[in-house]
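To start, the structure under review is shown below, and the notes come after it.
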Amino acid sequence: MDKTTHLNNISSTDAHVVNSGNDNIELNNYQQYQQQHQHQQQQQQLHAHHAAIDNCVLNNLDSHTPLIPYQNSQQQSQQQLPRQPQLVSSAQSSKDSIQSINAPVTKGKYSLKDFTLIQTLGTGSFGRVHLVCSIHNGRYYAMKVFRKSHVVRAKQVEHANDERKILSICRHPFITRMWGTFQDCKSIFIIMDYIEGGELFSLLRKSKVFPNQVAKFYSAEVLLALEYLHSKNIIYRDLKPENILISRSGHIKLADFGFAKQVETTTYTLCGTPDYIAPEIIAVQPYTKAVDWWSFGILIYEMIAGTTPFYDPSPMKTYENITKAEVIYPNHFQMDVIDLLKGLINKDVTYRLGNLKNGVQDIKNHPWFSEVIWENLIQGNIETPYEPNIPPGVGDASQFEKYPEDNYDYGISGIKDEYGHLFPDF
């Protein structure tokens, strides 16, 4: 699936860099979009695509090789794919959550001299994300760098400051942790946990589709992260596989908070990624945290189907599909997940799961999640379906793409800082 049209497209997760705004222009122009949509033709295309997915699933299930093979500890490779998790089991405890949430809180004000720059993990319109190593404790971190002038030109100063503010108050086992920030005369820097396992997006593309149990495991952990954010009145607004990282022990880490916003009631900002954006955002209506539950439904659908339900190469047509088209479910979808998705991917926000009287409990209590013991999950006491083959403590970056390096002008002094006053907390 071509994802080059994303509003927040970037080569690697947690390298959040907003583009020049072309997609936002398209989204604004959507209200004036008058070209007649060939609804029947697109539905036929969706039927054909889902039929191909169904055939792929059936062909794999009929073969002697499992669609998602179990992990082979003797032959772990880059093609290693998820195994079926036991969602009620506590046989293999990673303690990922306990270590993360109980780690000492630091308010560290760092400088570039505190780190050794190793390599680039991702690039985007505003800057890069680098793998770095602390010269003090030898630990590896992800260093997110934004060029101030680019942020100012794109009118994203508020988003950059919001990201720092939100990350500073978030402590959750399934959310990437910020350790500190700093700035020089040209750039702002955010020091984050380095999550070695790469993106869920990459794993999904290798697997084509996830079995029901694998999709359920990742969905359950994402749900707990969203529940935590919403408890702090934070709307995430950019849920997609590219923004979900996998830790060494196989648990998810929600990353990239560039579009997140703390708001008690409603907001209006046009932002997100076309395939996952909720219809009320497209309609330029005030919206709430319910937009995250729409995106959550799209994520579950994509993990099981291998594609998003409203996808079209044209963002404009994607927006029209979101506001007008019905969801078509492939034949291999189980009835309970279809029922869940009908509640989540509901164009009428007043009937959307997660936005009803019982809030997130309506989702957690849904039959599709009936076997999940949420207390075990938050404690990391459930065996994960996939553990990336990563040697510990060596700064392994094999799960990320390689990027050409450059001579970075970080840490330069003696130059007028035109924009430093716009980022007072960095």
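The values are calculated or read from the model by the stated rules, or taken from the named source; none is laboratory data. What you are looking at is a predicted structure, and each value in this text was computed from that prediction instead of being measured. Here Cβ is always computed from backbone atoms with ideal geometry, including for glycine, and neighbour counts include all displayed protein chains.
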Looking at segment 302-315, which of its residues are assigned to a loop (DSSP other than H, G, I, E, B) and either among the acidic types (Asp, Glu) or touching a His at 6+ places or on another chain (Cβ under 6 Å) (or both)?
Asp312
Could you tell me which residue of segment 143-186 is farthest from Val222 (Cα to Cα), considering only residues that are part of a helix (DSSP H, G or I) and among the hydroxyl-bearing types (Ser, Thr, Tyr)?
Ser149
Going by what's in this entry, would Phe146 be described as aromatic (Phe, Trp, Tyr) and more than 17 Å from the chain's Cα centre (by Cα)?
yes
When you scan segment 316-325, do you find a residue that is without any contact (Cβ under 8 Å) to a residue 24 or more places away in the chain, assigned by the TED database to the domain that holds Leu254, assigned to a helix (DSSP H, G or I) and not polar (S, T, N, Q), even just one?
no
Say whether the condition of being in contact (Cβ under 8 Å) with a residue 60 or more places away in the chain, more than 29 Å from Asn233 (Cα to Cα) and surrounded by 14 or more Cβ atoms within 10 Å (Cβ to Cβ) is met by at least one residue in segment 357-378.
no
Select, from Ile195, Ile190, the only residue that is within 23 Å of Pro391 (Cα to Cα) and outside any helix (DSSP H, G or I).
Ile195
Any chance you could count how many residues in segment 209-266 are in a loop (DSSP other than H, G, I, E, B), among the small types (Gly, Ala, Ser) and surrounded by 22 or more Cβ atoms within 10 Å (Cβ to Cβ)?
5
For segment 363-378, does any single residue satisfy the condition of being among the aromatic types (Phe, Trp, Tyr), closer than 30 Å to Phe189 by Cα and either within 23 Å of the chain's Cα centre (by Cα) or not assigned by the TED database to the domain that holds Asn137 (or both)?
no
Here are some residues: Asn358, Asn381, Asn407. Which one is assigned to a loop (DSSP other than H, G, I, E, B), out of contact with any Ser or Thr (no Cβ under 7 Å at 6 or more places or on another chain), at pLDDT below 95 and of a type outside the set (Gly, Ala, Ser)?
Asn407
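Here is a yes/no grid of residues against (1) among the aliphatic types (A, V, I, L, M); (2) within 27 Å of Tyr228 (Cβ to Cβ):
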{"residue": "Asn381", "(1), (2)": "no, yes"}
{"residue": "Tyr386", "(1), (2)": "no, yes"}
{"residue": "Gly395", "(1), (2)": "no, no"}
{"residue": "Asn407", "(1), (2)": "no, no"}
{"residue": "Ile415", "(1), (2)": "yes, no"}
